[in-house]
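Notes follow once the structure below has been shown.
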Amino acid sequence: EDGPEPGYLTSLNTEQRDAVATLDGPLLVLAGAGTGKTRVLTTRLAYLLETKSGAPEYLHPQQILTVTFTNRAAREMQERVAATLGRPVEGWWLGTFHSLAARQLRRHAELVGLKSNFTILDTDDQVRLLKQIMDAEQIDVKKWPAKQLMGIIQRWKDKGLTPDRATEGMEFANGRAQQLYRIYQQRLTVLNAADFGDLLLHCLTIFQKHPEVLRQYQQSFRYILVDEYQDTNVAQYLWLRAMAMVHRNICCVGDDDQAIYSWRGAEVGNILRFETDFPGAHVVKLEQNYRSTPHILAAASQLIAHNSGRLGKELWTEIDTGEKVQVKGVWDGESEARLVGEDIETLQTRGIGASQMAILVRAGFQTREFEERLITLGVPYRVVGGARFYERQEVRDALAYIRLIAQPDDSLAFERIVNVPKRGVGKVALQTLHQYSRDQSISLPMATRELIGTEEIKPRLRKTLADFMGDFDRWRALLAEKSHVEVLEIVLDESGYTDMWRTSKEIDAPGRLENLKELVSAIGEFENLTTFLEHVSLVMENDQSDEREKVTIMTLHAAKGLEFDYVFLPGWEEGVFPHQRAMDESGVKGLEEERRLAYVGITRARKRATVSYAANRRIYNQWQSALPSRFVDELPVDHIDRLSDTGLSQGKGNVSPGAWGSDDWMKPPSWANDGDNNGGYKSQKSTFSDRKFASSGWQDRVRKNVIDVKADGEAVFTSRGGSSKYKVGDTVRHRKFGPGTVRSVDGNKLEIHFDEVGTKKVVDSFILPG
Ligand code: ATP
Ligand code: MG
């Protein structure tokens, strides 16, 4: 090539430039965090298009395939390349594995028996379909949950295994998993549908059975680029390898220390295979880090050094100043959130934008306390990669239970949970309730109370609904005796709601259970259910503005590849991080993956990383003392500042956390074991005014509203005092029971002798007009 090299190359270091400019042949860039791997890919794209578009190569954007880990990363890459080249680039294959494979599959769908407009099923659809199949095959879905089968099939697909080749998972349904997999695939074809795993698997099948199609792509894709290569699974690797075999211009960048998706089938082994599958591959190591200060780098490097079997990399930086990693032990979760909030405010007063700050948590439930704190402070935030805490499905379900206790006429809450968990209250029954509530202008719960005293609803369901309403009456009454926190625990327990998730085989079920626990903890911070519900509605109202400057709250998993000036890493406690489940399920491997997550977390920070841990956590309604994460101890003392939080002793009454470095702060205060979980700690808040709440009117309303449910669940109808337009002796026609004669009238409730079904109690709403 003639002419001077483009300007964007001059800012690169020698190794980076080597990686950008080695356009031909297989290339593996193996390097630690912040060394410019992603930047190399982006620059390489620009360089490719600039140097090869013209004669003699005439490279067209369509001939480049680039894989990113998220859609957002793809958008960013698109923008950066356009900015570098000073013109937009179109038509290339840039996106996630899923989006690229979907595009390919739509072109050749007919080769695997699909039409090009096939639907992509979400997990709910998948489970429903699997259930149908299992029912038809007479497999007990109680014993063998469909969700578990879905997981097994997903793992097979991650490994690129079609039903013919699937072998593991034999214990499921007495060895029938493979057969069910086959039937499932057949059904999907009939339905013209594919699940996520199919996108790649079908492409692989097409490549195998139709070499001419594969050949076409092998020739077409002259350049292949892959970011976050360490987290590819086998199917993805096979797909890439197949297409790269002719031109062999495949460039993968990754970091074995950042492999954090093995639980989703990713295999770090793909890095090791690369050099075997592509002999003569050029391997570039990048060692200069451009992101973080030396202290941050040193802390991250020494932490990850505790893992075994690493490929091993050195990192250095030219940056020679910077703060040490801050390590703060705090009294409890609330202090932790307050501390992070204070830091964020201080940074803001120094003119630093909220978008330069991130709070990275291990598990979703942890976002709650920070969300609340930032709302209190009026700091805009966004939760990336998930719903905000109070918008999550299980939290909203639980809130509906609480609302229905605090507000017995809350129709929306009633409708949300009357059949969650499943109680056999179907569409038809709900329609009946709705119609009656509209007709009488009363709430759904009230309509229910009235109709269960009649025969408008089938006997079995009547009993169910009477039990349901009776439960709520009982729970409300409990508020007079027990704290609202205890009542909520009882409610979630007795309603079967917690069990619903406990027995769920959905992969996010454990996370949902954690969120429920967290919700119970949250309620403990409020005086009673009403103040809590008020708080929640304020929280939900907040935010949603389109301000660009927002603090980011996200999980460590979602933070991969990103960077922020200021990073907060809370909850570094044994059991939380490293997460108990990871260690229980995968032992040392699990622990090492957790450590890689910690490495990912620290290395997101440009200027400052703040690690924190609390000595006490409220788990459900219990305070538990927590031990600092072993990762805290693995941080090199020379590169961290252990901070004493003097603000802690304020507002804590006689509890003084003492200085950092001493263990005083971990000693439980006197109230911790006194059996009164609400007492003491938040004495300024918890004033036990549940009783006040209990007498604030709901009982009166219930009384007025009609109902009495006898101990055996039989509902006894009491009139609201309205009067019916029917009178004794009228002949009428009922929508369900047909013609009959009115025997007695009590308000809008009628006893009718029907010609066909005998005497029944009904309400006049369901008498047909005319
Ligand atoms: P990760 O492993 O976290 O994905 P990475 O290796 O992909 O990190 P990049 O995100 O590409 O690293 O780069 C980290 C930061 O360093 C970015 O802000 C990038 O712009 C900057 N950077 C990379 N190379 C250089 C360079 N040669 N000169 C200046 N800045 C650079
Ligand atoms: Mg990157």
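Every read-out reported here was derived from the displayed coordinates using simple, explicitly stated rules and does not represent laboratory data. Note that the structure is a prediction, hence the values are computed from the model and not measured. No Cβ is skipped: glycine too gets one built from the backbone with ideal geometry, and neighbour counts run over all protein chains shown.
Magnitude of the Cβ-charge dipole of segment 719-766, K/R +1 and D/E -1, about the Cα centre, nearest 20 debye?
The dipole of segment 719-766 has a size of about 180 debye.
Remark on segment 182-266: hydrodynamic radius 14.4 angstrom, per the Kirkwood mean of 1/r across alpha carbon pairs. Putting +1 on Lys and Arg Cβ atoms and -1 on Asp and Glu Cβ atoms, find which of PRO769, VAL520, MET150 reaches farthest to the positive end of the dipole of the chain. After comparing all options, I get PRO769.
Take the Cα of GLU481, step 7 Å toward its Cβ, do the same at LEU377, and the gap between the two points is 4.3 nm. When each of THR731, THR448, THR610 is scored by the number of other beta-carbon atoms lying within 10 Å, the sequence from fewest to most is THR731, THR610, THR448. Maximal additional length on extending the GLN393-GLU534 stretch stands at 48.9 nm, based on 0.36 nm per residue less the C-alpha distance. Angle of helix 529-541 to the longest C-alpha principal axis of the chain, folded into 0 to 90 degrees and rounded to 10: 40°.
Note on segment 47-206: Rg/Rh from Cα positions, Kirkwood definition for Rh, rounded to two decimals, is 1.12. In this simple spin-label model, placing a label point 7 Å from the Cα along the Cα-to-Cβ direction at both LEU768 and TRP263 gives a separation of 5.7 nm. Were the residues from LEU513 through GLN138 laid out at 0.36 nm apart, the gain over their Cα-Cα distance would be 132.0 nm.
For segment 416-575, the Stokes-Einstein estimate of translational diffusion at 37 °C and a viscosity of 0.692 mPa s comes to 168 µm²/s, using the Kirkwood hydrodynamic radius over alpha-carbon pairs. Taking a straight line from the alpha carbon of LYS157, these aspartates and glutamates sit under 13 Å away, with near neighbours fewer than eight places off in the same chain left out: GLU168, ASP195, ASP198.
Counted by neighbouring Cβ atoms within 10 Å, the residues ILE405, ILE359, ILE319 run from fewest to most as ILE319, ILE405, ILE359. For the pair GLN580 and SER11 in one chain, pulling the backbone fully straight at 0.36 nm per residue adds 200.4 nm over the alpha carbon distance.
For the chain, the longest principal axis of the C-alpha atoms and the axis of helix 123-136 are separated by about 70°. Shown is the FRET efficiency for LYS458 and TRP316, computed with R0 = 60 Å from the Cβ-Cβ distance and rounded to the nearest 0.05: 0.20. For the pair segment 296-348 / segment 400-477, the C-alpha centres are spaced 52 Å from each other. With respect to the cross-link table entries LYS37/LYS285; LYS427/LYS736; LYS505/LYS589; LYS422/LYS458, which display a Cα-Cα separation exceeding 19 Å? Long pairs (Cα-Cα over 19 Å): LYS505/LYS589.
Computing FRET efficiency as 1/(1 + (r/R0)^6) for ILE120 and SER723, where r is the C-beta to C-beta distance and R0 is 56 Å, gives about 0.50.
From least to most packed, judged by other beta carbons within 10 angstrom and beginning with the fewest, GLU137, GLU518, GLU90 follow the order GLU90, GLU137, GLU518. For the pair GLU171 and ARG107, label points projected 7 Å from Cα toward Cβ lie 4.4 nm apart.
How many percent of Cα pairs in the chain exceed 45 Å? Everything past 45 Å amounts to 38 percent.
Considering only VAL20, GLY265, ILE304, the residue lying farthest towards the positive end of the dipole of the chain is GLY265, judged by Cα position with unit charges set on Cβ.
For segment 42-82, chymotrypsin sites (Phe, Trp or Tyr not before Pro) meeting the loop criterion (DSSP other than H, G, I, E, B) and having at most 14 other Cβ atoms within 10 Å: TYR58.
Using a ≥ b ≥ c from the Cα gyration tensor of segment 7-76 (square roots of the eigenvalues), is it rounded, prolate or oblate, where a/c under 1.5 gives rounded and otherwise the larger of a/b and b/c decides, a/b for prolate? The shape class here is oblate. Spatial offset of segment 746-770 relative to segment 16-89 amounts to 76 Å, using the alpha carbon center of each. The Cα center of segment 213-261 and the Cα center of segment 115-183 differ in position by 28 Å.
To the nearest 20 debye, what is the magnitude of the charge dipole of segment 391-523 about its Cα centre, counting +1 on the Cβ of each Lys and Arg and -1 on the Cβ of each Asp and Glu?
I would put it at about 400 debye.
Restricted to Cα atoms, segment 228-337 shows a radius of gyration and a Dmax of 18.3, 60 angstrom. For segment 120-191, the mean projected area of the C-alpha convex hull, equal to one quarter of the hull surface, is 4.5 nm². The magnitude of the dipole of the chain, with charges of +1 and -1 set on the Cβ of Lys/Arg and Asp/Glu and taken from the Cα centre, is near 2280 debye. With helices as the sole contributors, the chain gives -13000 deg cm²/dmol at 222 nm; each DSSP H run of n ≥ 4 counts as -39500 (n - 2.57), and the sum is divided by every residue.
For THR66, the amide hydrogen comes within under 5 Å of the amide hydrogens of TRP93, LEU94, GLY95, LEU225, counting only partners 5 or more places away or on other chains and with H modelled in the peptide plane.
When only alpha carbons of segment 719-766 are considered, Rg and Dmax amount to 9.6, 30 Å. Angle of helix 580-602 to the longest C-alpha principal axis of the chain, folded into 0 to 90 degrees and rounded to 10: 60°.
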